[in-house]
Amino acid sequence: MIYGLAVLALSFLAGQWLGELVGSWLGINANVGGVGFAMIILMLIQDKLERKGWMRADMKIGIDFWNRLYIPVVIAMASVLNVKSALSSGSLALVAGVLPVFLGFAVFPYLIRTFKKD
């Protein structure tokens with residue numbers, strides 16, 4: 001379970017760093033999508049470990065356990081901060097909210113095709 005926690009912590013820290021980086025690129029002093037990046041990184045790492053056969057049952061249990069407890073709390077905390085930042089940022093917040101949705105719609109079919117081939 002410790003390795004599962006380590007994978008989750010690594011993905012969370014990398015996601016938060018990416019969120020801060022995106023926020024600074026957009027010129028706002030906020031974390032933009034850090035939790036979302038963390039979840040994507042976690043899914044990619046977990047998929048990579050499973051494909052290579054390195055994902056043991058106890059690692060999966062550790063990741064699943066902390067996903068169920070920790071990530072919903074982090075998402076709730078981040079959403080409150082994001083709403084406060086969005087209200088003070090004006091139209092940039094609208095662009096920062098709408099743009100990832102459209103990018104998600106554009107990338108999602110590609111991801112489905114990629115993972116269906118395997």
Any chance you could count how many residues in region 2-16 are under 29 Å from L94 (Cβ atoms) and either exposed (fewer than 14 other Cβ atoms within 10 Å of the Cβ) or among the β-branched types (V, I, T) (or both)?
1
How many of the residues in region 77-118 are farther than 17 Å from V32 by Cβ, in a helix (DSSP H, G or I) and at pLDDT below 75?
1
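Can you tell which of I40, I63 is under 30 Å from L5 (Cβ atoms) and either at pLDDT below 85 or not in a helix (DSSP H, G or I) (or both)? Steps first, answer last, please.
On the way: I40 fails: either at pLDDT below 85 or not in a helix (DSSP H, G or I) (or both).
Unique residue meeting the criteria: I63.
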V32, sole failed condition from (1) over 19 Å from A76 (Cα atoms); (2) surrounded by 17 or more Cβ atoms within 10 Å (Cβ to Cβ); (3) modelled with pLDDT under 85
(1)
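The values are calculated or read from the model by the stated rules, or taken from the named source; none is laboratory data. Bear in mind that the values here come from a model prediction, so they are computed numbers and not experimental data. Neighbour counts are summed over all protein chains in view; Cβ atoms, including those assigned to glycine, are modelled from backbone coordinates with ideal geometry.
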